[in-house]
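The values are calculated or read from the model by the stated rules, or taken from the named source; none is laboratory data. Please read these numbers as outputs of a predicted model, since none were measured by experiment. No Cβ is skipped: glycine too gets one built from the backbone with ideal geometry, and neighbour counts run over all protein chains shown. When the accessible area is computed, the model is the full protein with side chains, heavy atoms only, and any ligands, DNA or RNA have been set aside. Shrake-Rupley method; radii C 1.70, N 1.55, O 1.52, S 1.80 Å.
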Amino acid sequence: MSELRQNLITRDWVIIATDRAKRPDQFANTKKIPAFLPSHRPDCPFCVGNEEDGTLETCRLGDRTAWKVRAIGNKYPALSPTAERIRISSGIHRMMSGIGFHEVIVEHPRHDLTTALFTVEEVTDILLVYRHRYLEIRKYPHVETIVIFKNHGESAGTSLEHPHSQIAATPVVPSQFRSRIDAAVRYFDDTGECLFCRTLEDELAAGERVIFESKYFVAFIPYAALSPFHIWIFPRRHSSSFDDITDAEITDLADTLKTVLAQLYYGLNNPDYNYSIRSVPTAEQATKYFHWYIAIIPRVSKQAGFELGSGMFINTALPEESAEFLRSIAIPINPNFRPT
């Protein structure tokens with residue numbers, strides 16, 4: 001019999017469809033993966049040699065000819081820092097100018113790699129740029145929310161193969177952020193505990209959904225995961241805002257993130273995925289009730305009419321079996337293997 005589980009952080013009820021559940025290995029990517037990608041493409045805007053394409057560069061690690069990571073303005077931004085802040089209400093119609101930031105983080109000079117194949121040092125560099133840009137962007141008074149995210153693969157929304165992620169800063173707090181903060185505040189008011197810290201405590205005690213632990217971070221599949229192999233990475237230390245992360249934590253997070261993505265890469269045949277860093281709105285910094293984290297969503301299932309019509313999710317993978325499967329994945333002895 002199927003069962004319904006509630007995710008207290010998102011407030012979503014999820015149908016865990018045990019009768020329709022697939023074996024974990026049945027979620028592996030079956031689409032044909034190109035046998036070869038070049039390490040450099042002259043027509044790729046992110047490849048070495050195309051740095052002077054007129055796009056504004058906001059951050060760089062390394063020098064002009066041997067850079068490691070670059071942050072640049074999105075060529076087709078959803079939001080612009082040069083827009084004038086205008087807000088208009090007319091009856092039930094409300095409008096605001098698209099002021100904000102939309103940047104691309106070019107994660108590596110090579111065109112043919114993915115995060116699962118990066119070294120820990122290379123992932124560390126990416127996270128350092130994330131933190132730097134987060135700290136700089138939050139200084140602007142019109143910025144209310146900063147979202148760091150990565151789209152990997154066509155079904156996850158990416159159109160460029162070159163490894164990259166993005167930062168978007170909005171002049172409003174999205175309703176999903178508000179609803180999760182409200183849930184966290186209510187839980188704190190009722191119990192005196194941080195809901196995220198309690199979730200982490202319970203997941204560590206249960207152990208069956210944990211897929212990786214490090215000194216400062218824990219990766220696990222939530223009890224009421226919204227979709228197959230939906231993964232959260234929580235810092236052990238209570239911290240509300242991503243930019244509060246320390247240098248030691250960044251190095252540790254790099255190892256954790258790389259390991260989890262490698263588990264997906266080798267276990268599910270390099271599936272498309274999205275990840276995002278969920279942090280408190282910029283007007284707040286240190287709260288007792290909110291805990292920043294990373295959400296990773298492999299695109300191994302599709303939403304259909306029921307999900308769209310009800311707002312509920314059907315998960316055809318048992319979180320406990322998915323976690324056990326990922327823990328069993330043997331990452332190659334040479335974890336820094338690179339295509340030749």
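In the elastic network of the chain, a GNM with C-alpha springs shorter than 10 Å, the most mobile of E208, E154, E320 is E154. For the stretch 76-160, taking Cα atoms only, Rg and Dmax work out to 16.7, 54 Å respectively. The accessible surface of the stretch 39-80, taken with every protein chain in place and a 1.4 Å probe, is 54 percent carbon and sulfur. In the chain, taking the dipole from charged Cβ atoms about the Cα centre, the farthest positive-side position among A206, V69, G91 is held by G91. E201 sits among other residues whose Cβ lies under 11 Å from its own Cβ, and their net charge, with Lys and Arg +1 and Asp and Glu -1, is -1. Averaging the sequence gap over all C-alpha pairs within less than 8 Å and six or more residues apart, then dividing by the number of residues, gives the stretch 142-276 a relative contact order of 27 percent.
Rolling a 1.4 angstrom probe over the stretch 155-194 with all protein chains present gives an accessible area of which 49% lies on carbon and sulfur atoms. Summing charges over neighbours of T158, with a neighbour being any other residue whose Cβ is under 13 Å away from its Cβ, gives -2 when K and R count +1 and D and E count -1. Annotation: per residue accessible area for the stretch 189-340 equals 41 Å², rounded to a whole number [probe 1.4 Å, protein chains only]. Average projection, convex hull of the Cα set of the stretch 1-149: 15.0 square nanometres. In summary, the lysines within cross-link reach of K215, defined as a Cα separation below 18 angstrom excluding same-chain residues under 8 places away, comprise K258.
Between G305, G54, G62, the residue with the greatest mean-square fluctuation in the GNM of the chain (Cα pairs under 10 Å linked by springs) is G305. Across all directions, the average flat footprint of the convex hull enclosing the Cα atoms of the stretch 241-340 is 9.8 nm².
For the stretch 1-143, the relative contact order is 19 percent, taking Cα pairs closer than 8 Å that sit 6 or more residues apart in sequence and dividing their mean separation by the residue count. A straight Cα-to-Cα reach below 16 Å connects K31 with the aspartates and glutamates E154, E161, D272, residues fewer than 8 places away in its own chain not being considered. For S165, the solvent-accessible surface with a 1.4 Å probe is about 0 Å², rounded to the nearest 10.
Think of it this way: in the chain, C59 stand alone, with no other Cys Cβ under 4.7 Å. Dividing the alpha-carbon radius of gyration of the stretch 229-295 by the rule-of-thumb value 2.2 N^0.38 Å gives 1.23. Charge dipole (Cα centre; +1 on Lys/Arg Cβ, -1 on Asp/Glu Cβ; no other charges) of the chain amounts to roughly 560 debye. Placing unit charges on the Cβ atoms of the charged side chains and taking the dipole of the stretch 254-334 about its Cα centre, the candidate lying farthest along the positive direction among A283, I314, L257 is A283. Structure shown: which of K68/K302; K75/K288; K150/K288 lie over 31 Å apart, alpha-carbon to alpha-carbon? Over 31 Å Cα-Cα: K68/K302; K75/K288. In whole percents, the pair-distance distribution calculated for the stretch 187-286 from its alpha-carbon pairs, binned every 5 Å from zero, is 2, 11, 21, 23, 22, 13, 5, 2, 0. Counting trypsin sites (Lys or Arg not before Pro) as exposed when in a DSSP loop with at most 14 other beta carbons within 10 Å, what is the longest stretch of the chain free of them? Excluding the exposed sites themselves, the longest stretch runs over 140-214.
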